[in-house]
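Here the structure is laid out as structure tokens; the discussion comes afterwards.
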Amino acid sequence: MLLPPELSVSLRVERPLLPVWPRTPPRAPFCFSPSRLRFHRQHEFFEDGDIHRHLYLQDILTNVTEVTERSKVSEFCCHIVGCCQVFDTLEGYEHHYNTLHRNMCSFCKRSFPSGHLLDTHILEWHDSLFQIMAEKQNMYQCLVEGCAEKFKSSKDRKDHLVKVHLYPSDFRFDKPKKAKSSTKHSKPPSKLDVSMPMDVNVETYEQLQVDSMEICPSESMENPTQPVSGPISSLQEKKLYKSRIPSTVCFGQGASRGFKSMKKKV
Amino acid sequence: MWSRRSSRYRPDASGLEELRGRRREQESALRKARRQQQLVSKRLLREDSLVNGDGQAGVDIAAEPLSEQELFVFRQILQLLRDVQRGTEERKTLLSRLRQGLQQKETQQKFVRLEGSMRVLIGLFTSSLANIQMEAARCLHELSHSSDPTVAEACLPATSYLLTYLSGHSVEFTELCLYTLGNLAVESDAVRKQLLPQGIIPALASCIQSPHVAVLEGLGYVLSQLLQAREAPTKIIPLVLDSVLPQHMLRLVSSNLELGMGVAVEFSWCLHYIVCSHVNNVLLISQGIVSTLVLLLLELASMMSKAVTEGLELLICPLLRCLSNLLAEDETEGCKVQIQDERLLVALFLFMQYFLQQHPFLVQECLWLLNNLTADESIFCSAVLTLDLIPALLQLLPCSRMVTLLALTVLCNIAEKGPAYCHQLHQKAVLPSLLSTLALSDGQVVGQSLELLHLLLLHLPEAADDFLSQAGLQALEQHQDNPQLQERVRALRETYFQPAAASPISRASASAAVLPSS
């Protein structure tokens, strides 16, 4: 295509504006009048470009030998005391940390997929003030992001989740608090739903959990390196932080596990 | 995704022909689907050390039906997966084997029909044992990609979890969940009827604040799939516009082009689907979409001369479309878009030059924008002339029908502005090109040529002699029997091309008709 040689986007020169004739309507039988064209989503004008876009979508196939992100490093261990998982990729470790350690309730050792669910859990299960307030007003917040509804009880909330948000009735991260709160008998996160026949055997799981996840209070003060991306304000975070770390609790009848450092870690 | 694309395996010459053939088939299937308004595509994230020269491009590999023996093994695998006494490494290995099997359609179908299979899989997917969870997620992803709707819909019970996990922090896992959601979202109305009340839009609105490129690209993919839905203009786009998503999309489209090209591509298509649905473009305009798009196009145009960027057309196409549609927004809605930056004109011609050979579809998209820029604003008409772009525009006339029509329309836009413009057009040798288009058979193209001729002669009657001397009259007379065109042909002849033997009266009245009306 014949473009003038000096044509460049960076050139910005004042150009003389040619004088414009006043616009008149077209004279019959001629009908042309300049107009801006508008095409709606299904217009055939878009066909070629849309096809191109979809060919791009369909042509993707990752090839593991070419992917540079998944670099292997020499084996290393999870640094959380008591957790003996070993990794040879950073991504593997990251996922492990995020799944098991990042959002873990220090009261009952349950892990949650997000900070939001963890906070809800702590509030509803371990905050005695919550129970008092719940008698007077609706305190059980809907779990779906963007929904501001609150409910009188856990059951009401579950009904809402199922009816309005079409959640499964056995949603793992919405278990009602059990009457017995003693940690010895308290059940691990939602693995015990009887409607799921393949669930983990209670004792086995508890064993697994206690063995691999026990953390001493001082250790659990370690701040995860990645910033929490949720909308929690720093003030709120501080308050919750406090409630996650009970000062005197040590599970397992006082037996110390792993390294129990006396100095507080920042 | 984008980075993986460019490092894709390139087959040798023989494999290349086969690949081309397959691509042609894919293309015609897509065209057919689009005409039926059923254009659906899914994406596959797959690690496959078995990928060889055949480069299976995400197509379901046809396999022999599972024998009874294999089915038995399958059931065994499921049993073993249920048994949590087994160590996690062992279970992970079993899951990997399952995943490889699930790459095949027959296996997928048999798997979802096995009693309890999806519950086992989803149970493992929600496990807090990270590597098991990851492997189960990969299995789910394979299922979501299936072309069999029953297989994909079997994944429905997992959606609440997929959405919950979007607020997690593992990049790879979140990315996988996003692509799985994107594949499911495009599957059917029923799936979206579940995803929307489950809060997919708010979940995406939070997730879009992630700094990770892989997550953002996946998110863009999900959003683009949702926005293409048939019910999107009424059910989905209003929710999206109500959230913080548009502001973030604008930010992501223009930031970080070097690393985030894939991200920019996804979100620019999202913006296109929103804009062309004409739901509430005034809102987007108030958020500064016009200047964002203009600046981005300028940046892309300046990038083109520096490095060959494969796939740039995928980004430019939706951006052009957005701008064109925004310019055409109804004035009564309160917001007439005005663009004053002539550099955009230069950018458009640079794009057309660059893509004319390889991706001609982009030329018509550029010309559409050019039409919308030149229709009302004389500033762009003037700039086309003073920047000496007419020869380039004329070179486009012999291209495809749509390109020819649009180029002629742009020329008409310019000619309509008055004598000064027509004078310049005439100087740049528009007439010879016009004569060639008059020789074409397409009625609409010839009609537009006649309109252009009319405008030229209206403002520049002296051009009539030049037209005649180039055998213009004969070119006109070719069409005098065409019902679509005959009135205009006759009008032109009577006004400008009366034979020399005409009476002085008719001559005089002819020139009177040519004077501009006061």
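Restrict the check to segment B:359-375 and report whether at least one residue is of a type outside the set (Lys, Arg), more than 27 Å from A:Pro5 (Cβ to Cβ) and more than 9 Å from every other protein chain (Cβ to nearest Cβ). No.
Answer yes or no as to whether B:Val445 is more than 24 Å from B:Phe361 (Cα to Cα) and of a type in the set (Val, Ile, Thr). Answer is no for this residue. What are the residues in segment B:268-283 that are assigned to a helix (DSSP H, G or I) and modelled with pLDDT under 95, if any? Residues satisfying the conditions are B:Asn281, B:Val282, B:Leu283.
Kindly indicate the residue of segment A:83-129 that is β-branched (Val, Ile, Thr) and assigned to a helix (DSSP H, G or I) and also surrounded by the most Cβ atoms within 10 Å (Cβ to Cβ) among those meeting that condition. The extreme case among them is A:Thr99. Does any residue of segment B:122-134 turn out to be more than 11 Å from chain A (Cβ to nearest Cβ) and in a helix (DSSP H, G or I)? No, segment B:122-134 contains no residue that is more than 11 Å from chain A (Cβ to nearest Cβ) and in a helix (DSSP H, G or I). Inside segment B:446-488, can you point out the residues that are among the small types (Gly, Ala, Ser) and surrounded by 14 or more Cβ atoms within 10 Å (Cβ to Cβ)? If the condition is that a residue be among the small types (Gly, Ala, Ser) and surrounded by 14 or more Cβ atoms within 10 Å (Cβ to Cβ), then B:Gly447, B:Ser449, B:Ala463, B:Ala464, B:Gly472, B:Ala475 are the ones that fit.
Residue-level analysis places B:Pro157 among those that are closer than 28 Å to A:Arg102 by Cα and surrounded by fewer than 19 Cβ atoms within 10 Å (Cβ to Cβ).
Evaluate segment B:71-83: report whether one residue or more is at pLDDT 75 or above, out of contact with any Asp or Glu (no Cβ under 9 Å at 6 or more places or on another chain) and of a type in the set (Phe, Trp, Tyr). No - not one qualifying residue is present in segment B:71-83.
The selection criterion, being within 30 Å of the chain's Cα centre (by Cα) and touching a residue at least 12 places away in the same chain (Cβ under 8 Å), holds for B:Arg401. Summed over segment B:196-251, the residues that are within 21 Å of the chain's Cα centre (by Cα), buried (at least 18 other Cβ atoms within 10 Å of the Cβ) and not in a helix (DSSP H, G or I) give a count of 2. Taking the criterion of being more than 7 Å from chain B (Cβ to nearest Cβ), under 48 Å from the mean Cα position of the chain (by Cα) and not charged (D, E, K, R), the residues of segment A:9-45 that qualify are A:Leu11, A:His43, A:Phe45.
Sub-8 Å Cβ pairs linking a first residue in segment A:166-178 that is more than 13 Å from chain B (Cβ to nearest Cβ) to a second residue that is hydroxyl-bearing (Ser, Thr, Tyr), at least 6 apart or interchain, are A:Pro176/A:Ser154; A:Lys177/A:Ser154; A:Lys178/A:Ser186, ordered by first then second residue. Before we move on, is B:Thr126 touching a Lys or Arg at 6+ places or on another chain (Cβ under 9 Å), closer than 24 Å to A:Lys109 by Cα and of a type in the set (Val, Ile, Thr)? For B:Thr126, the condition - touching a Lys or Arg at 6+ places or on another chain (Cβ under 9 Å), closer than 24 Å to A:Lys109 by Cα and of a type in the set (Val, Ile, Thr) - is met.
The values are calculated or read from the model by the stated rules, or taken from the named source; none is laboratory data. Since we're looking at a predicted model, the values are computed, not measured. Ideal geometry is used to build each Cβ from the backbone, glycine not excepted, and the neighbour counts take in all protein chains shown.
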